[in-house]
Amino acid sequence: EDFYEETIAPIENFRSQGYGLTSFAYPYGLYEDWMNEELLQHYETVRGAYHFMGYYKDALKKGFMEAYPLDNVYFESDEQFREKVGELLDVLAGCDNGTVACVYSHAISGGDWCITADRLEILFQEAQERDLVFYTFQELQ
């Protein structure tokens, strides 16, 4: 009952105000598998957190996906960030064409739960060096 009141009941209020909600991200990345089934009746995609996984692009049109955090709090330095991003992108570059992975941050800023503009630029540079392409969730749907 709490789950319904907190996650599903408010949807119609947002939609009636013109917000076309299509995806849901679990607060703190915490979830149980049964929640995915419930939420996917109301959202196109549902996102977990803390795991880097490859998915075929077409599979992300509707379903659950894990995503990897790029927030500043997880990296002590730009060098550590570049090294980790490079490792992750090397894995992705070695996959079949059409394989995508989800990454996220809460905002572009210098705060702990954000990614800096400099680190975002590092991400783009590292991806470009590997001929990888970026998509938004809406582009995949």
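The values are calculated or read from the model by the stated rules, or taken from the named source; none is laboratory data. Note that this is a predicted model, so its numbers are computed, not measured. FYI the Cβ positions are ideal-geometry reconstructions off the backbone, even for glycines, and counts take in every protein chain you see. SASA here: full protein model, heavy atoms, side chains in, ligands and nucleic acids out. Shrake-Rupley method; radii C 1.70, N 1.55, O 1.52, S 1.80 Å.
Points worth noting:
- Selection status of GLU76, out of contact with any His (no Cβ under 9 Å at 6 or more places or on another chain), in a loop (DSSP other than H, G, I, E, B) and without any contact (Cβ under 8 Å) to a residue 24 or more places away in the chain: yes
- Output for segment 94-127, where each listed residue is over 12 Å from PRO69 (Cα atoms) and acidic (Asp, Glu): ASP96, ASP118, GLU121, GLU126
- The numbered conditions (1) assigned to a strand (DSSP E or B); (2) open to solvent by 40 Å² or more (accessible area, probe 1.4 Å) are all true for VAL46 except (2).
- Filter pass, ASP58 being of a type in the set (Asp, Glu), within 22 Å of GLN141 (Cβ to Cβ) and open to solvent by 30 Å² or more (accessible area, probe 1.4 Å): yes
- When residues of segment 57-73 are limited to those that are basic (Lys, Arg) and in a helix (DSSP H, G or I), the one modelled with the highest pLDDT: LYS57
- Every pair of residues 6+ apart whose Cβ atoms lie under 7 Å, when the first sits in segment 122-141 and is at pLDDT below 95 while the second is surrounded by 12 or more Cβ atoms within 10 Å (Cβ to Cβ) and aromatic (Phe, Trp, Tyr): none
- PHE3 in contact (Cβ under 8 Å) with a residue 12 or more places away in the chain, surrounded by fewer than 17 Cβ atoms within 10 Å (Cβ to Cβ) and in a helix (DSSP H, G or I): yes
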